[in-house]
Every structure is written in C-alpha cells, then in structure tokens.
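Chemist: Structure provided below as structure tokens; questions to follow.
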Amino acid sequence: MDIRELRSFIHVARAGSFSRAAAELYIAQPALSRQVAKLEEEIGVELLARHGRGVRLTAAGARLLERAEMISNMVSETGEHVRATADEERGYLAVGLPPTMGALIGAELVRDFREVYPRVALHIREGQSSSLQEWVADRRVDLAVVYNQPPLDAFKVRPLYSEPMILIAPPGTPIPKDGFQIRDLASLPLILPGMPHSNRRVIEHAAVQNGIRLRLELEVDSVALTKKLVRAGVGYSILTSIAIRDELASGDLVAEVITRPSIRSTVAITTLRENPLSRFATDWMAMLREKLKRFVGTEQWNEDIVWLDNEATNSN
C-alpha cells in the first residue's frame with residue numbers, strides 16, 4: 001500500500017461517498033474506486049460496505065482509518081519538520097499536555113510562545129500520562145508534561161512540583177472533624193481511572209502501603225465524566241486540585257485533602273534522555289514553569305504544593 005491509497009481511503013471514509021470524495025479531490029470517481037479496491041486487495045479484507053446512499057466503514061475499515069490518519073499526519077509532519085530544520089529561523093516543536101492542564105494554561109502558553117517564535121511549527125497533543133509517555137518514547141512529541149512518571153532509564157524527568165491529592169464528594173457531604181484520612185478510603189465508594197493511569201497507580205500504592213483495600217465503585221478514565229458522576233452522588237473520587245478548581249469555585253463539589261498520610265502527585269516534564277533539546281523546547285519548558293507557578297499560586301491548597309528542583313530525578 002502507498003500513502004496515496006491511504007489518503008484516498010480516508011477521504012472516501014470521511015465523505016461517506018465515492019462521488020463526494022472524488023469531487024473534493026478533483027479526480028475521476030473510477031480512478032478513486034480503483035485505488036480503494038487496490039487497497040482492499042492488498043490488505044485482503046473489505047474496508048467499505050457499499051449501499052444505496054454511498055458507503056460505510058466495515059469493522060476492519062474503522063481500524064484502518066485510525067491508523068491511516070496517523071500515518072498521513074506523520075508524513076505531513078515529517079516534511080514540515082525537515083523543511084524547518086533547513087532554516088535556522090524556523091523550527092518544529094511537538095509537545096504533550098494532560099487535558100486539564102491544556103484547558104487551563106494551554107492557550108496562554110501557545111500565544112506567548114508564538115509571540116517569541118512566530119515561525120516555529122508547533123504541534124500540541126493532549127492525552128493521559130501513560131499515552132504521553134508512549135509518545136515521548138516513540139518521538140511523536142519532543143517533551144510532555146506528565147503526572148507521576150515512573151523512573152525509566154530511557155527518560156529524563158524534570159520535576160516541577162508535587163501536590164496533595166484531593167478527595168472529592170457530592171455536594172452537601174459533611175466533612176469529618178478530622179478531615180478525610182487515608183483509612184476512610186476503605187469505606188467510600190470510589191470512582192477511579194483504570195490501570196495503568198498515573199493517578200490510579202499512586203492511589204493503589206498508597207493504599208497498599210497503609211494496609212487498606214479500596215472500595216472501587218466504577219473505573220472511569222475521563223476526568224470530566226468522573227466529576228459529573230460524583231456531583232450526581234454516584235460515588236467519591238480522588239483528583240488533583242488543578243482538575244477541580246472550577247467546581248470548587250461554583251460549589252458543585254465538596255473537596256478535602258486526604259491526610260494521615262497524604263497522597264501526593266508529582267508533575268514533571270519528560271523527555272527522551274538520548275534526544276538533545278532544541279532552544280525552542282528549552283524556552284517552552286521555561287514558559288510552562290513560569291505560568292504554572294503563577295497559576296498554582298492562586299490555588300486553594302497552594303501552601304501544600306512543593307516546588308521541586310528542576311533537575312532529572314533519575315539522572316544516574
């Protein structure tokens with residue numbers, strides 16, 4: 001298969017019709033049909049099911065569409081990256097951010113970076129920490145902001161800060177006199193992300209260390225959905241303060257730091273140890289740290305946040 005066949009397949013799948021896709025691509029419909037038919041023959045499965053109004057994806061076609069779009073994007077980015085490195089005034093930077101952090105400071109960070117480097121091609125990707133770590137390893141991003149990065153030799157980790165994790169409860173939940181302690185987690189119906197989510201790993205580790213068994217009600221990876229479920233009274237959850245600031249301001253959730261002992265989450269910038277950083281990446285990290293420090297200083301639990309030395313935690 002070649003990239004032209006994959007791109008033709010993407011257009012037909014998205015348009016839902018050979019005729020519409022042919023019009024968008026300014027090519028004859030029979031030529032487009034031959035390209036897709038050749039792709040189906042090479043792979044050995046039917047990718048598109050024809051019907052009276054056009055086409056729909058088969059199960060195999062849906063799987064190929066995801067990979068085809070990834071391959072097409074990577075090919076486009078590769079050309080852009082090579083062109084950028086040929087011009088000292090241009091450059092390319094791909095960075096990964098957790099969704100909550102991207103929503104809160106991403107726009108301001110991108111705006112300020114582009115004011116300094118208007119000709120740098122910038123690619124922002126959002127994902128969970130486990131996905132972000134994979135993208136760094138696969139060189140799909142140059143650097144990523146992650147939670148609770150495990151110490152792996154391939155990565156260089158620059159810690160930013162650590163913060164206590166917050167137990168969130170439905171509106172109107174009374175706070176115990178001594179607050180919520182870690183032993184209380186054994187009796188609370190918890191809504192937590194599935195493994196290997198970074199928050200889940202930290203919470204499970206704390207539970208094992210303190211000899212308690214978590215009462216897991218639901219596994220939900222989405223922070224937004226988790227907050228809605230807690231607000232609806234389905235259960236409790238454990239999140240970082242940055243993830244619940246809007247709900248605290250509006251009174252939609254009750255929140256309290258877990259104590260005796262606290263569960264702490266560490267935020268860090270991760271890069272590949274063998275990859276030298278460009279000046280664009282170095283400046284992006286400096287801007288990110290400055291904006292986070294200013295933003296976190298306004299948080300309710302900012303006195304419990306510990307800023308860490310900006311050196312690798314596993315620089316053996």
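Chemist: Calculate the dipole size of the range 75-230 relative to its Cα centre from +1 charges on Lys and Arg beta carbons and -1 charges on Asp and Glu beta carbons; express the result in debye to the nearest 20.
Modeler: On the way: 18 positive and 20 negative charges, 86 e Å.
Dipole magnitude for the range 75-230 comes out near 420 debye.
Chemist: Counting Lys and Arg as +1 and Asp and Glu as -1, each charge on the Cβ, what is the dipole of the chain about the Cα centre in debye, to the nearest 20?
Modeler: Numbers: 39 positive and 41 negative charges, 123 e Å.
For this selection, approximately 580 debye.
Chemist: A further question follows. 222 nm [θ] for the chain, helices only, -39500 (n - 2.57) per DSSP H run of 4+, per residue, to 500? Write down the numbers at each step before the final one.
Modeler: Values: 10 runs with 127 residues, N = 316.
For the chain, the value works out to -12500 deg cm²/dmol.
Chemist: Among 194, 16, 233, which one shows the highest mean-square fluctuation when the chain is modelled as a Gaussian network with alpha-carbon springs under 10 Å?
Modeler: Residue with maximal mean-square fluctuation among 194, 16, 233: 16.
Chemist: At residue 205 and residue 107, where each label point lies 7 Å from the Cα along Cα→Cβ, what is the point-to-point distance in nanometres?
Modeler: The answer from the label model is 3.5 nm.
Chemist: Loop by DSSP (not H, G, I, E, B), at most 12 other beta-carbon atoms within 10 Å: where is the longest site-free stretch of the chain for trypsin sites (Lys or Arg not before Pro)?
Modeler: Numbers: sites that count: 53, 119, 139, 177, 213.
The longest such stretch corresponds to 214-316.
Chemist: Most mobile of 60, 207, 68 per a Gaussian network model of the chain (Cα springs, under 10 Å)?
Modeler: Maximum among the listed residues: 60.
Chemist: Rounded if a/c is under 1.5, else prolate if a/b beats b/c, else oblate: with a ≥ b ≥ c from the C-alpha gyration tensor eigenvalues square-rooted, which is the range 1-153? Numbers along the way, then the final one.
Modeler: Values: a/c = 2.37, a/b = 1.84, b/c = 1.29.
Prolate, since a/c reaches 1.5 and a/b exceeds b/c.
Chemist: Using a 10 angstrom cutoff on alpha carbons, build the Gaussian network for the chain and name the most mobile of 27, 244, 258.
Modeler: Residue with maximal mean-square fluctuation among 27, 244, 258: 27.
Chemist: Would you mind giving the three semi-axes, in whole Å and largest first, of the ellipsoid equivalent to the range 66-192 according to its Cα gyration tensor?
Modeler: Numbers: eigenvalues 296, 58, 42 Å².
The three semi-axes for the range 66-192 are 38, 17, 15 Å.
Only the coordinates and a few stated rules stand behind these numbers; no lab work does. The structure presented is a predicted model; accordingly, all values stated were derived computationally and were not measured. Heads up, the Cβs are rebuilt from the backbone with ideal geometry, glycines too, and the neighbour counts pull from every protein chain shown.
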